[in-house]
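Report on the structure given below.
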Amino acid sequence: MQRMPLPMNSSQAANKSLVIKLNHVKKDFGELKVLHDVSLEVYKGEFVTILGSSGSGKSTIFNIIAGLIDYDEGEVTVNGSVGYMQQKDLLLPWKNVADNVSLPLMLKKTDKKLIAEKLEAYLPLVGLKGYEESFPFQLSGGMRQRASFLRTLMTSEEIFLLDEAFGSLDSITRRQMQKWLLDMKMKLNNTILLITHDIDEAILLSDRIYVISKIPAVIKREISVDFNRDNKLERFLSPESLKLKEEILEIL
Ligand SMILES: Nc1ncnc2c1ncn2[C@@H]1O[C@H](COP(=O)(O)OP(=O)(O)O)[C@@H](O)[C@H]1O
Ligand SMILES: [Mg+2]
């Protein structure tokens, strides 16, 4: 008797729509072998983190996803519009908040009325209502970070690439911003791919974590964070988090 072929995808994959897929991506910068073999998938609505030490090729992965640089081998698929918050705080010191966050859309010659509408809708969401006219030096670290986040949001609501979004913040502000980000994600119901080298941050925020090796980079482990999914803040200092942290420390 002839056997029925197995379905191509698991039921899990069939229910979720794929937003980002990297399939065996390889990238060298001249002699420097940066990405050896990187495969990863992000589904709609997920919060996925790439965790690895510095210099492990994480930003290179984002630059490839955002289409800023080419890759040598493999395949990259992106379904949807991407907002990219780069590692460096790119706020221009001589422009106020409103002009800074509108800049990418201004450069794309987006209708001024549309820009103004977006600003009005999003400023309160990121807690910067009333600070439109402020200059970056007048803002706290957390506010500058939210301004950068807002600029990303102005370009796309669908897929967020956040490269070490909280790297430069003190630990107290960082914790507040992590809470804020989870809240924001609930409101926007979007897809987030985050880069971090902070294990606690990865555990607190993620649905899944890809642990990346040093260069030439490969994905060492994919971890599904299955506890406290609906209230991630309860993960903070929980026994499950500590256990997972220990597991990750052994991999790294
Ligand atoms: N445009 C580039 N040209 C040459 N080397 C680069 C370039 N971008 C990154 N690199 C190198 O690739 C390696 C990985 O960099 P990066 O992706 O920024 O790592 P991470 O974000 O994990 O810290 C580093 O050694 C870095 O110096
Ligand atoms: Mg980086």
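The values are calculated or read from the model by the stated rules, or taken from the named source; none is laboratory data. Keep in mind that what you see is a predicted model, and the values were worked out from it rather than measured. Counting neighbours? That spans all protein chains shown, and the Cβs are built from the backbone with ideal geometry, glycine included.
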Any residue at all in region 123-135 that's under 24 Å from Ile172 (Cβ atoms), within 16 Å of ligand 2 (Cβ to nearest atom) and among the basic types (Lys, Arg)?
no
Determine whether region 205-222 contains at least one residue that is in contact with a Leu (Cβ under 7 Å, 6 or more places away or on another chain), without any contact (Cβ under 8 Å) to a residue 60 or more places away in the chain and of a type in the set (Val, Ile, Thr).
no
Of everything in region 51-79, what is under 23 Å from Glu158 (Cα atoms), touching a His at 6+ places or on another chain (Cβ under 9 Å) and near ligand 1 (Cβ under 7 Å from one of its atoms)? Give them in sequence order.
Lys58
Of the residues that sit in region 217-252 and are within 30 Å of Lys27 (Cα to Cα) and not aliphatic (A, V, I, L, M), which one is surrounded by the fewest Cβ atoms within 10 Å (Cβ to Cβ)?
Glu250
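Condition check ((1) within 16 Å of ligand 1 (Cβ to nearest atom); (2) out of contact with any Leu (no Cβ under 9 Å at 6 or more places or on another chain)) across all residues:
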site: Phe149; (1), (2): no, no
site: Ser156; (1), (2): no, yes
site: Asp163; (1), (2): yes, no
site: Leu181; (1), (2): no, no
site: Met186; (1), (2): no, yes
site: Asp198; (1), (2): yes, no
Given the criteria without any contact (Cβ under 8 Å) to a residue 24 or more places away in the chain and either surrounded by fewer than 12 Cβ atoms within 10 Å (Cβ to Cβ) or among the aliphatic types (A, V, I, L, M) (or both), does Asp111 qualify?
yes
Residues within region 72-105 that are more than 13 Å from ligand 2 (Cβ to nearest atom) and either at positive phi or not polar (S, T, N, Q) (or both), tallied
23
Extreme residue, surrounded by the most Cβ atoms within 10 Å (Cβ to Cβ), among residues of region 207-216 that are under 19 Å from Leu161 (Cα atoms) and not β-branched (Val, Ile, Thr):
Tyr210
Residue list for region 39-60, restricted to those being within 16 Å of ligand 2 (Cβ to nearest atom) and among the polar types (S, T, N, Q)
Thr49, Ser53, Ser54, Ser56, Ser59, Thr60
Considering region 51-102 alone, what residues qualify as being in a helix (DSSP H, G or I) and more than 30 Å from Glu133 (Cα to Cα)?
Lys58, Ser59, Thr60, Ile61, Phe62, Asn63, Ile64, Ile65
Checking Ile69, Ile20, Ile65 in turn, the sole residue that is within 29 Å of Asp183 (Cα to Cα), within 16 Å of ligand 2 (Cβ to nearest atom) and at pLDDT 95 or above turns out to be Ile65
Could you pull out the residue among Leu204, Leu169, Leu194 that is at pLDDT below 95 and either crowded, with 23+ Cβ neighbours inside 10 Å or assigned to a loop (DSSP other than H, G, I, E, B) (or both)?
Leu169
Working carefully through the options Gly83, Gly30, Gly55, find the one that is surrounded by fewer than 18 Cβ atoms within 10 Å (Cβ to Cβ), touching a residue at least 12 places away in the same chain (Cβ under 8 Å) and either touching a Ser or Thr at 6+ places or on another chain (Cβ under 6 Å) or of a type outside the set (D, E, K, R) (or both).
Gly55
Would you confirm, using the coordinates I've provided, whether Asp183 is surrounded by fewer than 17 Cβ atoms within 10 Å (Cβ to Cβ), more than 14 Å from the chain's Cα centre (by Cα), within 25 Å of Lys16 (Cα to Cα) and not aliphatic (A, V, I, L, M)?
yes
The listed residue being at pLDDT below 95 and either more than 19 Å from Leu233 (Cα to Cα) or surrounded by 19 or more Cβ atoms within 10 Å (Cβ to Cβ) (or both), out of Gln176, Gln145, Gln138:
Gln145
With the first residue restricted to region 225-252 and required to be under 16 Å from Glu46 (Cα atoms), and the second required to be of a type in the set (Val, Ile, Thr) and in a loop (DSSP other than H, G, I, E, B), Cβ contacts under 9 Å at 6 or more apart or on different chains are Lys232/Val225
